[in-house]
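Engineer: Would you mind keeping the following structure in view while I ask a few things?
What follows is calculated from the coordinates using simple rules that are stated; it is not laboratory data. Note that the structure is a prediction, hence the values are computed from the model and not measured. With ideal geometry, Cβ positions are generated from the backbone for all residues, glycine too; neighbour counts draw on all protein chains shown.
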Amino acid sequence: MSLNSSTENATSTLDWLEGTLLVIKENLAIFPATEYSKVAELVKKYLVRNQKTPENLFDCLNKQNPKRSIDNILLGFSLEHGIGTIPNLTKAFLKYQKAANAKDSLGQFFLGRCYNNGIGTKQDREKAFELYLKAAEAGDSDAEYSLAKERRKIQKKHFNFIQKQQRRETQRHNTILHFVIEMDGE
């Protein structure tokens, strides 16, 4: 193999790997987090259109001992959804963590998702919120959406808490009022 064809091969590999990541990024906003398996199906279709198999994706990424965030995110997604490999949520979490530690906003988003949903780790909504915030501050729109969703959940819990407190206060007030009225009647 000549240097030229080696360079072309590396470039075409990079192109379809980045194309795969683009498919993931474009579809994250379309599908809710509970339906990311549909995004995984779109990734598989993209690979087939580019005459690749899911195994090609996983093997290519795994062989090069990924250092780039894009590779760790793709490996994490492959491990999470069983694209070209047996699903392994713990390993997926570790790959997303590697990308997030490199300050990659998409890696932070995926790691936040793991913490938010207990994927490969113990569920920790506070940690998820922190990661979504970091990713959103870096301009990741999916993280911004997730952050807004989490804020709404917190606001709803706060509102429900306040309503319960008000009902308890009203009940307490009514009990005291009833007691005072009975005392006046005696």
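Engineer: What shape does the range 61-112 have by the C-alpha gyration tensor, where a ≥ b ≥ c are the square roots of the eigenvalues, rounded means a/c under 1.5, and otherwise prolate means a/b greater than b/c and oblate the rest?
Structural biologist: Details: a/c = 2.18, a/b = 1.32, b/c = 1.65.
Oblate shape, in that a/c is at least 1.5 and b/c is the bigger or equal ratio.
Engineer: Please give the net charge around GLY118, taking every other residue with its beta carbon less than 12 angstrom from that of GLY118, where Lys and Arg add +1 and Asp and Glu add -1. Display every interim value, and only then the final one.
Structural biologist: Numbers: positive: ARG113, LYS122, ARG125, LYS127; negative: ASP124.
Summing Lys/Arg as +1 and Asp/Glu as -1 gives +3.
Engineer: So, one more: Could you give me the ³J(HN,Hα) list for the range 130-137, computed from phi with Karplus coefficients 6.51, -1.76, 1.60 and θ = phi - 60°, whole Hz, x at Gly and Pro?
Structural biologist: For the range 130-137, the Karplus-derived couplings read 4, 5, 4, 5, 4, 5, 5, 4 Hz, x marking Gly and Pro.
Engineer: Specify whether the C-alpha gyration tensor of the range 13-108 places it in the rounded, prolate or oblate class, a ≥ b ≥ c being the square roots of the eigenvalues: rounded for a/c under 1.5, otherwise prolate if a/b is larger than b/c and oblate if not.
Structural biologist: Values: a/c = 1.35, a/b = 1.09, b/c = 1.23.
Cα axes put the range 13-108 in the rounded bin.
Engineer: Something else now. Tell me, what ³J(HN,Hα) does each residue in the range 67-84 have, in order and in whole Hz, if you take phi through Karplus 6.51 cos²θ - 1.76 cosθ + 1.60 with θ = phi - 60° and put x for Gly and Pro?
Structural biologist: Each residue of the range 67-84 in turn: 10, 7, 4, 4, 5, 5, 5, 5, 5, x, 5, 4, 5, 5, 9, x, 8, x Hz.
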